[in-house]
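Worksheet for the structure shown next.
The values are calculated or read from the model by the stated rules, or taken from the named source; none is laboratory data. These figures come from a predicted structure and were not determined experimentally. Using ideal geometry, Cβ is built from the backbone for each residue, glycine included, and neighbour counts are taken over all protein chains shown.
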Amino acid sequence: MIESRAVLPEGLRTVDEALHRTRFRILPFLGPAFIACVAYIDPGNFATNVAGGSRFGYRLVWVIVAANLLAMLIQTLSAKLGIATGKNLPEVCRDRLSPRASLLLWLQAEAIAMATDLAEFLGAAIGFHLLFGWGLFPSALLAGVAAFAILGLQSWGFRPFEAVIAVLVGLIGACYLAELTFAHPAWDEVLKHAVTPSFGSNEAVLLSVGILGATVMPHVIYLHSALTQDRLVPETHQDARTLLRYTRIDVIVAMSIAGLIHIAMLVMAASTFFQKGLLHVDSLEGAHATLEPILGSASSTLFALALLASGLSSSAVGTLSGQVVMQGFIRRRIPVALRRLVTMLPAFVVIAIGVDPSRTLVISQVVLSFGIPFALIPLVVFTAKREVMGPLVNHRITTIAASAIAAVIVSLNVFLLLQTAGLV
């Protein structure tokens with residue numbers, strides 16, 4: 001609870017100081033959601049959206065819109081838990097659940113983190129490969145060096161790290177804005193399918209679950225609750241409410257940007273590939289190679305540059321999430337560099353044995369969707385408890401909405417499992 005907080009660590013400011021020592025009140029509160037939103041535009045999104053757009057046109061735009069709205073609510077709940085308790089979600093799980101349950105949650109979270117890191121690091125390697133024409137293995141080595149460099153920015157505090165992440169997000173957005181000027185999408189069709197739910201085939205359901213896994217990311221549900229711990233600390237209940245109000249703005253702005261980029265990925269693939277009858281451009285390399293003769297060399301370069309920025313930024317954020325998960329669930333830490341090195345290994349194995357990297361990215365996103373309930377259900381349960389949240393406890397309608405979201409996600413995953421087993 002707020003009253004039991006310890007003395008503020010050096011470098012942190014109170015909410016009152018943040019409000020009165022800056023000209024633009026919102027600025028001190030911006031940042032955590034921009035780090036979190038990187039997970040929503042990672043390389044897995046490129047793979048699922050290229051596949052979805054090339055096969056089904058604009059039909060799955062509504063899935064992205066819905067998933068992004070869900071993400072806004074989920075990330076707000078995660079941040080609110082951190083504000084109310086001063087702890088991250090894994091720490092609250094460790095305090096409130098049995099040791100066995102915490103251990104099992106940690107093990108599944110680490111497995112999901114491996115799938116996350118695989119997608120993000122592979123994406124960065126493919127980005128270097130497409131941009132410069134190097135082999136995948138040396139590209140992966142360079143991606144590793146770049147990822148270590150970005151993580152090293154934390155030694156100068158959270159602001160330089162946040163600034164670099166924000167620049168990379170801006171770069172991705174600028175690349176896709178330029179891509180859309182080349183692609184000339186049918187905006188009336190985009191708007192129609194943004195509000196008209198439809199699947200049309202079992203394969204569309206599979207890709208929709210992949211898009212959901214690539215949008216609502218389990219590791220960033222854990223992470224966002226931790227990002228509030230290292231910034232502004234509320235000293236009173238009123239401070240907590242003020243911090244939550246500005247946090248909602250941070251989430252809405254960051255997630256809206258991520259959602260628009262996410263939609264732009266699918267729209268670009270739909271207007272470039274599907275509309276021209278190229279229904280099987282389902283790999284990043286194929287998309288890059290096909291873009292040049294259709295839209296010109298500039299478009300393929302922008303695609304590779306956006307993929308590279310996405311892979312580098314999301315791999316750094318994924319490593320931070322892994323640290324939060326381990327520290328929170330089992331009170332253990334390993335050096336960030338060691339964690340980054342270990343999580344790189346599966347990507348190097350995939351590259352070395354010649355597995356299709358784009359297909360691996362899509363499958364990794366489906367795996368991620370299975371990890372969402374294990375993060376989301378505890379989050380909903382804890383934020384609905386007054387003894388945990390105090391005055392920031394969820395309103396009843398919030399709990400109902402979040403519970404419905406969890407039920408839909410679990411149902412989609414069960415359907416996908418039955419479909420994979422050939423039972424439906």
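Close Cβ contacts (under 8 Å, 6 or more residues apart or on different chains) running from residues in the stretch 397-420 that are modelled with pLDDT under 80 to residues that are outside any helix (DSSP H, G or I) and surrounded by fewer than 16 Cβ atoms within 10 Å (Cβ to Cβ) comprise F415/V424; L418/V424.
Considering the stretch 97-152, the residues that are within 22 Å of F329 (Cα to Cα) and charged (D, E, K, R) include one that is surrounded by the fewest Cβ atoms within 10 Å (Cβ to Cβ), namely R100.
Please verify whether V281 is farther than 25 Å from A406 by Cβ, among the aliphatic types (A, V, I, L, M) and at pLDDT below 85, treating the condition exactly as stated.
In short, yes.
Just give me the residues in the stretch 57-105 being under 20 Å from F199 (Cβ atoms) and within 17 Å of the chain's Cα centre (by Cα), in sequence order. Of everything in the stretch 57-105, those that are under 20 Å from F199 (Cβ atoms) and within 17 Å of the chain's Cα centre (by Cα) turn out to be V63, I64, V65, A66, A67, N68, L69, L70.
Failed condition for S78, given (1) crowded, with 24+ Cβ neighbours inside 10 Å; (2) on the phi > 0 side of the Ramachandran plot; (3) among the small types (G, A, S), with all others met? All conditions pass for S78, except number (2).
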